[in-house]
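Notes follow once the structure below has been shown.
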Amino acid sequence: MRYTIFGESHGPAIGVTLEGVPAGLALDWDFIRAELKRRAPGQDDTSTPRREADEVEILSGVFEGRTTGTPLCAVIRNTDTRSRDYSKLRDMPRPGHADYTGQLRYGGYNDYRGGGHFSGRLTAPLVFAGAVAKLALGERGVTVTARVSNIGGISDPTPEQARARILEAKREGDSVGGCVRCTVEGMPAGRGAPDFGCNVEGIFSQYLFAIPAVKGIAFGAGFGFAAMQGSEANDPFCLEGGAVRTATNHTGGVNGGITNGMPVEFEVVFRPTPSISKSQRTVSLSTMEERELVVEGRHDPCVVLRAVPVVEAAAALAACQVLGLD
Ligand SMILES: Cc1cc2nc3c(=O)[nH]c(=O)nc-3n(C[C@H](O)[C@H](O)[C@H](O)COP(=O)(O)O)c2cc1C
Ligand SMILES: C=C(O[C@@H]1CC(C(=O)O)=C[C@@H](OP(=O)(O)O)[C@H]1O)C(=O)O
């Protein structure tokens, strides 16, 4: 499956066109709506107050409840925009966001309102695409699950610890980042290749880095390998019901860019939300003078809780690509 995400946070709509979807896939709308709800903004005080229903409208590629196999286009209307908060960002880019790079890349023609095409809002259609991918994977016995593994430096926080850490940063007009750990179970062994473009870790990384605010990915024991010896790091082979497995899964299900039949496991790190209300240093691009900027708008004090289904969506699309490889 290939996808193109389109739209801007404060435009009329955002959406996705999916190509290569298997024909005849039954779209389970209870499941799809539940996936979108897991990510939707405005649900509690740890997220942005912007409220969006995130209802999906299908324009093509579905007939009588099943996919047709031809391009599937889905749109989600933007209903709760407040664009006046962003007018100064064209001249005074937010540190950490894509206002400056977006302006450079698109010659100043980018829609800067609410971060435009760079907004985390664009992850709503990604979650729809991921839900379709999960339905296709489900028919092949592959499941994708993710969980929060760090919030603001607290490892494996309880929901109360996560909430307290986020609200502490929010009270200070600040933000926190964190990590999400994801497991893809049921991937057959022997998919992928060592080379650029076909390497399973490379494929997953490309999809995961398309999520705004993701700044790193590590497979299995990841950066923990630095402190391990070979005897600890190696995953001993064993037999389980006559099948070759490994007793541990430090390499995260991939050796030499090829799946080994164990779950593909990785962790991604999200930076702290760039838009904070504390005063920050920036540059006025019209006068070329340094300025103080107080960012307005409605922002997530932490993106990590809402990003869990987004990570699953990106992983599901990556898994579909890996399964499509010979
Ligand atoms: C679900 C989600 C919600 C986000 N919410 C915000 C937000 O409210 N404010 C903000 O400044 N950035 C938010 N971000 C992060 C920015 O979109 C991101 O940092 C920006 O596009 C720059 O991209 P980069 O961090 O990958 O360089 C969010 C990201 C995600 C995935
Ligand atoms: C609206 C959503 O999140 C938005 C992600 C986001 C950003 O800069 O990434 C900034 C805020 O909105 P705006 O684009 O209006 O500034 C968040 O509310 C959403 O996820 O649906």
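Things worth noting here:
- Separation in nanometres of the label points that stand 7 Å from Cα toward Cβ, at Arg298 and Thr158: 3.1 nm
- The chain - percent relative contact order, Cα under 8 Å, separation 6 or more: 23 percent
- Counting only the Cα atoms, the stretch 145-248 fills a convex hull of 150 Å³ per residue.
- Thr81 - accessible surface, heavy atoms, 1.4 Å probe, Å² rounded to 10: 60 Å²
- Local electrostatic count, Thr246, Cβ distance below 11 Å [Lys/Arg +1, Asp/Glu -1]: -1
- Apportionment of accessible area to carbon and sulfur, the chain, percent (1.4 Å): 52 percent
- The residues of the chain present an accessible area of 48 Å² per residue when probed at 1.4 Å with all protein chains retained.
- Longest site-free stretch - the chain; sites: GluC sites (Glu not before Pro), DSSP loop, at most 15 other Cβ within 10 Å: 173-295
- 0 to 90° range, to nearest 10: angle between helix 200-209 axis and the chain longest Cα axis: 20 degrees
- In the structure shown, the pairs Lys37/Lys215; Lys37/Lys88; Lys37/Lys278 are assessed against 27 Å; a Cα-Cα span above that value is assigned to Lys37/Lys88; Lys37/Lys278.
- Shape analysis of the stretch 150-204 yields a ratio of the Cα radius of gyration to the Kirkwood radius, Rg/Rh, of 1.25.
- Cα shape, the stretch 1-60, gyration tensor, a/c 1.5 rule: oblate
- Just so you know, the Cα atoms of the chain work out to an Rg and Dmax of 20.8, 71 Å.
- The chain: angle of helix 29-39 to the longest principal axis, Cα-based, in degrees nearest 10: 60 degrees
- Projected onto its three principal axes, the C-alpha set of the stretch 198-287 covers 70, 29, 19 Å, listed from the longest axis down.
The values are calculated or read from the model by the stated rules, or taken from the named source; none is laboratory data. On a predicted model such as this, the values are computed, not experimentally measured, just so you know. When we count neighbours, we look across all protein chains shown, and the Cβ atoms used for this are built from the backbone with ideal geometry, even at glycine. These accessible areas exclude ligands, DNA and RNA; they are computed on the full protein's heavy atoms, side chains included. Shrake-Rupley method; radii C 1.70, N 1.55, O 1.52, S 1.80 Å.
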